[in-house]
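The values are calculated or read from the model by the stated rules, or taken from the named source; none is laboratory data. The structure displayed is predicted, hence computed values, not measured ones. Note that each Cβ is placed from the backbone with ideal geometry, even for glycine, and that neighbours are counted across all protein chains shown. Each accessible area value is taken on the protein alone, full model and side chains, heavy atoms only, with ligands, DNA and RNA left out. Shrake-Rupley method; radii C 1.70, N 1.55, O 1.52, S 1.80 Å.
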Amino acid sequence: MQLVRSFEPESSAQVGFGVRVLLVSADDQSGLIASRLASLGSMIECATEVFTGLEAMHNDPAGYELFVLDCDTCGGIETGIKAVSMLAGTSRHIPAILVSQDCKLQVFSEDPNKPTILRAPLTAVSLRVGFEHALRDRLAMRMI
C-alpha cells in the first residue's frame, strides 16, 4: 500500500481538504456553519430535515465522511443523539458533530461511535477543533 501526500500550501492549510460533509439544518441561515466548514476545505451538501439527511447518508454511505447536525433547528440535542445512534447502525462508521445551544460543556468523546458535541453559536476555533477531533482517524492517515 502506498500513501501519497500533497505538499501544496492550500491543501495542507485546510484541515478538511476534500472532506465531503452532510450538513443538516432546518434554518435558512445555516450559511454560517456551511461557510465555516467550507473555510476548512470541505465540500458541503445540505439537507433541511434529519430523516432526509439520514436517508442521503444511507443511500451514499461511501460518499460522506462527516455528518453535521444543527440540533437547535432540528428538534434539539436529543434528536441529534438519536440520529447519531441511527447512523451507528450502518455498516460504516461516519463521524458526527452536533451543534446546540443546550450544550453546557463541549464533548470530545474518545469513542468513535459517539458524536462530538459543540456549543452554539459556533465559533471558527471550536469548529476546527471539533472537526479535527471527529476526523482524527482520517487525519492520522493523512500525516503518514
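The requirement of being outside any loop (DSSP other than H, G, I, E, B), open to solvent by less than 50 Å² (accessible area, probe 1.4 Å) and either farther than 19 Å from A38 by Cα or free of Cβ contacts under 8 Å to residues at least 24 places away in the same chain (or both) is fulfilled nowhere in region 102-112; no residue meets it.
On inspection, T90 passes the criterion of being more than 20 Å from A120 (Cα to Cα) and either outside any helix (DSSP H, G or I) or open to solvent by 40 Å² or more (accessible area, probe 1.4 Å) (or both). Among the residues of region 69-118, those identified as charged (D, E, K, R) and more than 20 Å from R20 (Cβ to Cβ) are D72, E78, K82, D102, K104, E110, D111, K114.
Each row is one residue, and each column tells you yes or no for (1) closer than 15 Å to H133 by Cα; (2) open to solvent by 10 Å² or more (accessible area, probe 1.4 Å); (3) in a helix (DSSP H, G or I); (4) free of Cβ contacts under 8 Å to residues at least 40 places away in the same chain.
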| residue | (1), (2), (3), (4) |
| --- | --- |
| L32 | no, yes, yes, no |
| R36 | no, yes, yes, no |
| G41 | no, yes, no, yes |
| E45 | no, yes, no, yes |
| G63 | no, yes, no, no |
| T79 | no, yes, yes, yes |
| M86 | no, yes, yes, yes |
| K114 | yes, yes, no, yes |
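For S42, the stated conditions do not hold, so it cannot be described as touching a strand residue (DSSP E or B) at 6+ places or on another chain (Cβ under 7 Å), closer than 12 Å to A120 by Cβ and polar (S, T, N, Q).
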